[in-house]
Amino acid sequence: MKKLLLLASYVVSTVLFVIFSYGFVDKNLVLSNNPLYLGLHGWLSALAFNERPLVTGIYLVFLVIFFVLYAWAYRMTKRRELRGRDIILTVAVTYGILVFAYSLVSYDIFNYMTTAKMLFTHHENPYIVMPIEIPNEASLAFTRAANKVALYGPTWLLLSGIPHVLGFGNVWLTMISFKLFVTLWLIGGLYLIYKVTHQWQAVILFGLNPLILIEIVVSGHNDIVMMVLALLGLHLLQKSSVVDKLIGWKALALSILVKGATAVLIVPLLLKLKGNKLYRMSFWLLFAVFIIFTPLREELYPWYAVWFFLFAVVMPSDIAWFEQGLTIAFSIGLELRNLPYMFMGYYAGPGPTLRTLLTVVPVGLYVVWSLRMKRNSLWNGKKT
Amino acid sequence: MENRRNKGVRMVSAVILLFLGTFFLHNNVFASYVLPYPSYMPGNKLYRLSRLIDTFNKYWYFGNIAQVKYHLGLSDKYLVEAKTLFDYNQYLLAIDALHRSSDQFAAIMPNVLTAEQSGDDMTQFRSEIQEASIAHKTVITTLLQTTPNEFLWQPERASATRLYIHNELSTALSIQ
């Protein structure tokens, strides 16, 4: 009964979220001329762009629901009330619905689509030619980073050819195709997590986290591709077979050629670390890149948390309780970063301060709480 | 009363004329096309490497627009190289660089046309190429005024070569 209630809650909340997301469709983008869609979109768009406090509140409610369901699913899995088959069904249904959502908090997917179009339709080198240099390119109307050459490595660029082709030149179909492609990588990642940990808890901890749902399944960020390749690489590199090691190095190299962040994983490999020590160091190195280098370049983007999140869940909870808790606190704080823009409609002004505050508070509270717990010796003996 | 009206009419006319005048000013102003600084010159250890990279870059700059950028970039680079060599009276090397610059410039338009045939709007590139052409012609015209018409190039251990410098520059002028 509880299982069904959890599944039904996910179905209802995700369906409502998908409908809600279409209010944020770019004003220059007409996804369909169907009168039913146009009518619904007109109403939702007015809500999203004119009723900002209300829409921010609705988004916050969705976030709360997703986090509550996440905690519930995790608890049920821990108590063995949710078995492998139930978890697969819950994850599949949730992803299957959310993949149809509009990317409401990030425009990166349109950047991926346009970059792929530059390479596979215009046959131009996207590292040399910017989309904006073809003024009559239709996707310029809704692509935000059109004045930049390709931002991602060749692995992603070549892989993006698959969803590009499957989109058949239709914007909506291409968007869904990209999201589906990325979600398949996420599913591959979940399989890998299970393969490494043999724990369904770890699968739930990662796969149903609202940050993963929103940043990967809804927004279609390619960071998951980089991380799945990295985890595959590290997993295989710990095996004794030469073939496994060779594939492991190739996977890691391909991962580095997605976005570059996983280049730091060469350090624990050179130190010949294995098992949880390898994963822990990988976690902290990627966390360092996230917390130190990304704000220098731009800012703390929520989807960058995927980098260290994957390594937090492949370690057993009893030894990585702090890392897992920290990651979850970050997932809350980072998802709250979307609220100021949704509320105000612009990034500047008090936006940066509010975004920092909304991220720092949950993380700070968690750190203080965990320190107190440790001081009270509640956690002593658990951490090795 | 009449005087005040006349004064008003004169002021309005002056403002309109001033406004219209800006159109003429606009027509006479050209966006300055900036040629690059000289790269490695013949004799430098890295010159051959630089030329090798230029050759390989042809494959990296795939696509019609990228090819336009590639050929335009090299045409600029080799013209600057030619000018520097002319300034140092290295006429034989200068003419070789001038040939390369003209060859690269001539390779631009076919790519523009192919891009246009495939539906890409090349208006911005056409205007950039036009500006580049003006900048190139300015350099070549200056060289026509500062170089001798002909020059007998006499290497130490080889036979002499007569260089028809102005002919070469005029040919480059007609291509670019």
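Where a number appears in this text, it was derived from the coordinates with a stated rule and is not lab data. Please read these numbers as outputs of a predicted model, since none were measured by experiment. Quick reminder, even Gly has a Cβ in these numbers, built from the backbone with ideal geometry, and neighbours come from all protein chains shown.
For the segment A:134-142, counting C-beta atoms of other chains within 10 Å of every residue's C-beta and taking the mean gives 2. Each Lys or Arg adds one and each Asp or Glu subtracts one; over the other residues with Cβ under 10 Å from the Cβ of A:Ile216, this totals -1. Positive end of the charge dipole of chain A (Lys, Arg +1 and Asp, Glu -1 on Cβ, about the Cα centre): tell me which of A:Val267, A:Val361, A:Tyr152 has its Cα farthest that way. Farthest along the dipole direction, towards plus: A:Val267. As a rough guide to protection, the peptides A:231-244, B:62-75 ranked by mean Cβ packing within 10 Å, highest first, stand as B:62-75, A:231-244. Please find the FRET efficiency linking B:Met109 to A:Ala71, where r is the Cβ-Cβ separation and R0 is fixed at 45 Å, and quote it to the nearest 0.05. Approximately 0.10, to the nearest 0.05. Summed over qualifying helices (DSSP H, 4 residues or more, each -39500 (n - 2.57)) and divided by its residue number, chain A shows a 222 nm mean residue ellipticity of -21000 deg cm²/dmol. Near A:Leu82, the amide H atoms lying under 5 Å from its own belong to A:Thr77; only residues 5 or more places off or on other chains count, and H is placed 1.01 Å from N. For chain A, the relative contact order comes to 15 percent (Cα pairs under 8 Å, sequence separation of at least 6).
Between the C-alpha center of the stretch A:135-170 and that of the stretch B:97-176 there is a gap of 36 Å. Using a/c under 1.5 as the rounded threshold, could you call the stretch A:132-272 rounded, prolate or oblate? The axes a ≥ b ≥ c are square roots of the C-alpha gyration tensor eigenvalues, and prolate needs a/b larger than b/c, oblate otherwise. Note, shape of the stretch A:132-272 comes out prolate.
Computed packing ranks the peptides A:219-230, A:290-301 as A:219-230, A:290-301, most packed first, by mean other Cβ atoms within 10 Å.
Summing charges over all other residues whose Cβ lies under 14 Å from the Cβ of A:Leu286, with Lys and Arg as +1 and Asp and Glu as -1, gives 0.
Look at the Cα gyration tensor of the stretch A:2-221: its axes a ≥ b ≥ c give a/c of at least 1.5 with a/b at or below b/c, and that counts as oblate. Counting Lys and Arg as +1 and Asp and Glu as -1 over every other residue whose Cβ lies under 13 Å from the Cβ of B:His71, the net charge comes to 0. For chain A, the Cβ-based charge dipole about the Cα centre amounts to some 1620 debye (Lys, Arg positive; Asp, Glu negative; other atoms uncharged).
Shielding of peptide B:120-130 by partners, expressed as the average count of other chain Cβ atoms within 10 Å per residue Cβ, is 2. Note on A:Lys3: lysines with a C-alpha under 19 Å away, same-chain residues under 8 apart excluded, are A:Lys78.
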